[in-house]
Amino acid sequence: MSSEKLLEIKNLTVHFESFDATVHAVENLNLSLRHGETLGLVGETGAGKTTTVKSVMRILPEPPAKIVSGEILFDGQDLLKLPIKEMRKIRGKQISMIFQDPMTSLNPVMTVAEQIAEVIRLHEKCSKKEAHKKACDMLELVGIRPERGSDYPHQFSGGMKQRVVIAMALACNPRFLIADEPTTALDVTIQAQVLELMKKLKAQYQTAMVMITHDLGIVAEICDYVAIMYAGEIVEYGTREHIFNHTGHPYTKGLFACIPDIFTEQNELVPINGLTPDPTDLPVGCRFHPRCPYATEQCAKEHPANFEIEPGHYVACHLARSGGNDNV
Amino acid sequence: MSETLLEVKHLKKYFNTKAGLLHAVDDVSFSIAKGETLGLVGESGCGKSTIGRAILRLHEPTSGEVLLDGTDVTKLNKQELRELRRKMQIVFQDPYSSLDGRKSVFESIGEPLIIQKICKTKEEYEKRVHTLMETVGLAERLVNAYPHELDGGRRQRVGIARALALNPSFLVLDEPVSALDVSIQAQVLNLMQKLQKDMGLTYLFISHNLSVVKHISDRIAVMYLGRMVELSDCKALFANPMHPYTKALLSAVPIPRLDVRKERILLEGDVPSPVNPAPGCRFAGRCASCMEICRKEQPELREVEPGHFAACHLIEQ
């Protein structure tokens, strides 16, 4: 694993502008990823996870979306400055994306092999026949019999469709893969199959990956690093061990407390009070303070900066700064 | 706790499709005691929602009996059924599509009261709706809000208030928290536990999320392709799963902890089609320990240990 950064997001701010309000979807976000690493991007609905990765792919609908500031460096090259024509060469070849819902991300009027071959033909110089052959190989790789390549998406089950989407994303051997809730639409036993497959392929091809999920169980299983997002910001970042064993931010702690644990007996869950804030009208100071049980006066006034509580483990919380995280 | 409130006997629900007869629910029997929560788990298409709906006769059962407090629900005429619906209600999965977009919170919650002609005066009616809103933790100011103004958690609270409006004794909860974020999910789960304690409710809790089901249920029934494969006390099911499908299902749940790693049983392939299922055990095609008899004979649900039922030929030996 080389220590060189493959992806670096610097001060990314994305707004959605509508007639009467501005949605602050992502605010001042910094993130980096090295070759072969997997980062879990965790947060609830509206936290800005999908907006962040869509900015990397440059597939945000602009307008209403607007990338206000920031840089997205991929291999040292700023993706936000690239002309669309150049970007097209990168999408699908260098960076691929797996979308959440396999039922709607495939073209219903093309056979699955044609769809996979389309990506290959777009990026590699080869004949139709060769592309088709490679598409069938990809299907085999994800555990689908190659002769099923001539079937249409509706002839596949949900888990199989997601495998097709994965095959398509990996067809050109990308260096960086974005998976946006790849298993949320699937049943648990099928989810287990798909996760196993992704782990295997990741190890085989050394692909760097950003995995968006709201399931901390999946994070524990597949991610090396974790970033917890809340209301457009990363509130905690660290290795998997940091996040699970030395949880720093009150929001992360809250997330853990409200998942029912399958191994222990507990009588009542401890929910996080209140709701995620309205992204057009975010609270002043720390964005989590209205819901935080430990909030102080300072939290209501001052926006907390990132604080490194141990090497490589960052927490954006005033309390973490003032005397460790024991009292949090 | 020992008095039985609901008893389902040999419930079947088949759907006629172009491809053939779809066995959505095939000969399922169980009972729920007063004040108990029975969790019903299984993957998509296993028939868990169909059972919930057939109990309320939102789907007409093909055959079988559903006894609520001794009354056979399946034999009632329209009038009698309407009266019985006061005793049993349902909360649906998707709070986004189960509320009428043109009705305010007040109207939505009050609708069952009007249909059943419960309240004599307008004041009584208004008071009842306000009490219900308070019971489920909806702020007074939302009384005239419309569904689109509410977030998922609040919508689900409206759905729960509606179901509680007639003071039912039995509630079918059909994936009530699946559409919600985890922090909101915990709020709604706590609310439902509190309501059960305060009002002595009996729940049939349908969900595909095993950790949620474990949290809220007293007993758990596992479904696979229209059949009940295991039924047991909650603790015993997790400590000692007997059916191979239950074992695989439990091992497939991703655990949000780093200190526990377990052997994962990976199932091959997909759930087969419930249209004209082959004879024998429904799970035979994906079962690692499938025997000859499994392809021929359908295993019956049998009491293996006191209170712990499983339907598998392996166990019978």
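Here, each number is a calculation from the coordinates, and none is a lab measurement. Because the structure is predicted, anything quoted here is derived from the model rather than measured. Heads up, the Cβs are rebuilt from the backbone with ideal geometry, glycines too, and the neighbour counts pull from every protein chain shown.
Residues of the range A:40-59 falling in the label zone of A:Leu80, defined by backbone nitrogen less than 14 Å from a point 7 Å along Cα to beta-carbon, are A:52-59.
For chain B, the longest principal axis of the C-alpha atoms and the axis of helix B:105-115 are separated by about 80°. Placing dummy labels 7 Å off each Cα toward the beta-carbon, the span from A:Glu140 to A:Ala203 is 2.2 nm. At 0.36 nm per residue, minus the direct Cα-Cα distance, what do B:Glu123 and B:Glu7 gain on full extension? Give it in nm, one decimal, please. Computed gain between B:Glu123 and B:Glu7 is 37.9 nm. Other residues lying with their Cβ under 12 Å from the Cβ of A:Pro290 contribute a combined charge of 0, Lys and Arg counting +1, Asp and Glu -1. Semi-axes of the equivalent ellipsoid of the range A:1-96 are 23, 16, 11 Å, computed as sqrt(5λ) over the eigenvalues of the C-alpha gyration tensor in descending order. The GNM of chain B, with springs linking C-alpha atoms under 10 angstrom apart, assigns the highest mean-square fluctuation among B:Tyr224, B:Tyr203, B:Tyr146 to B:Tyr146.
Relative to its residue count, the range A:171-328 spans a Cα convex hull of 154 Å³ per residue. With R₀ set to 30 Å, the beta-carbon distance separating B:Glu65 from B:Ser178 gives a calculated FRET efficiency near 0.55. For the range A:107-136 versus the range B:204-261, the inter-centroid distance based on Cα atoms is 41 Å. Computed extension length for B:Ser273-B:Asn16: 91.1 nm, one decimal, from 0.36 nm per residue of separation with the Cα-Cα distance subtracted. For chain A, the antiparallel share of DSSP beta bridges with both residues in that region comes to about 60%. Taking 25 °C and 0.890 mPa s as conditions, the range A:34-78 diffuses translationally at an estimated 200 µm²/s according to Stokes-Einstein applied to its Kirkwood radius (Cα pairs).
Taking the radius of gyration and the Kirkwood hydrodynamic radius from Cα positions alone, what is the Rg/Rh ratio for the range B:267-317, to two decimal places?
Values: Rg = 11.8 Å, Rh = 11.8 Å.
On the Cα set of the range B:267-317, Rg over Rh gives 0.99.
Of the peptides B:129-139, B:280-290, the ranking by mean beta-carbon count within 10 Å, highest at the top, reads B:280-290, B:129-139. When the pairs B:Lys78/B:Lys122; B:Lys197/B:Lys235; A:Lys89/A:Lys133; A:Lys54/A:Lys129 are compared against a 31 Å limit on Cα-Cα distance, A:Lys54/A:Lys129 fall above it.
Ignoring everything except DSSP H segments at least 4 long, calculate the 222 nm mean residue ellipticity for the protein assembly as shown; use -39,500 (n - 2.57) per segment, divide by total residues, nearest 500. Walk me through the intermediate numbers first.
Numbers: 22 runs with 205 residues, N = 645.
-9000 deg cm²/dmol, from helical runs alone.
Once R0 is set to 51 Å, what does the formula 1/(1 + (r/R0)^6) return for the Cβ-Cβ distance between B:Lys197 and B:Ile293, expressed as a FRET efficiency to the nearest 0.05? Provide the component values of the computation, followed by the final result.
On the way: r = 46 Å, r/R0 = 0.90.
Using R0 = 51 Å, I get an efficiency of 0.65.
Which entries in A:Lys202/B:Lys296; B:Lys48/B:Lys262; A:Lys253/A:Lys301; B:Lys9/B:Lys127 show an alpha-carbon gap greater than 32 Å? Walk me through the intermediate numbers first.
Details: A:Lys202/B:Lys296 41 Å; B:Lys48/B:Lys262 28 Å; A:Lys253/A:Lys301 22 Å; B:Lys9/B:Lys127 40 Å.
From A:Lys202/B:Lys296; B:Lys48/B:Lys262; A:Lys253/A:Lys301; B:Lys9/B:Lys127, over 32 Å: A:Lys202/B:Lys296; B:Lys9/B:Lys127.
Computed from Cα atoms, the angle from the helix B:122-135 axis to the main principal axis of chain B rounds to 50 degrees. A crude spin-label estimate for the pair A:Glu17 and B:Asp72, with each label 7 Å from Cα along the Cβ direction, gives 7.0 nm. Bridgeable aspartates and glutamates around A:Lys93 (alpha carbons under 16 Å apart, same-chain partners fewer than 8 residues away excluded): A:Asp75, A:Glu118, A:Glu124.
Taking a Cβ cut-off of under 10 Å around A:Leu12, the surrounding Lys, Arg, Asp and Glu residues balance to a net charge of -1, with basic ones at +1 and acidic ones at -1. Compared with the alpha-carbon gap, the fully stretched path from B:Ser31 to B:Glu303 is longer by 96.5 nm at 0.36 nm per residue.
Kindly work out what percent of the DSSP beta bridges joining two residues of the protein assembly as shown are antiparallel, to the nearest 5. If we restrict to bridges inside the protein assembly as shown, about 60 percent are antiparallel. With the highest mean first, a sort of the peptides B:83-91, B:291-299 on other beta-carbon atoms found within 10 angstrom per residue produces B:83-91, B:291-299.
Only counting other Cβ atoms within 10 Å, I'd like A:His289, A:His303, A:His242 sorted with the fewest neighbours first. Could you put the intermediate results ahead of the total?
Details: A:His289 24, A:His303 16, A:His242 21.
With the sparsest Cβ surroundings first, the list reads A:His303, A:His242, A:His289.
Legend: Rg and Dmax of chain B, from Cα coordinates, 20.5, 68 Å. Note on the protein assembly as shown: Cα-Cα pairs beyond 37 Å make up 42% of the total pair count. Charge tally around B:Val28: other residues with Cβ under 15 Å, Lys/Arg +1 each, Asp/Glu -1 each, net +3.
Please grab the % of Cα pairs in the range B:1-58 that end up more than 18 Å from each other. Write down the numbers at each step before the final one.
Values: 647 of 1653 pairs.
It works out to 39 percent of all Cα pairs.
The distance between label points at B:Leu258 and A:Lys128 comes to 5.3 nm (points 7 Å beyond Cα on the Cα→Cβ vector). Once both axes come from the Cα atoms, what is the angle between helix B:182-199 and the longest principal axis of chain B, in degrees from 0 to 90, rounded to 10? On a 0 to 90 degree scale, this one is about 80. On a per residue basis, the convex hull of the C-alpha atoms belonging to the range A:108-153 measures out at 65 Å³. Between A:His246 and B:Ile265, the FRET efficiency estimated from the beta carbon spacing at R0 = 41 angstrom works out to 0.80.
Structural size metrics of the range B:82-150, computed from C-alpha coordinates, are Rg and Dmax of 12.4, 33 Å.
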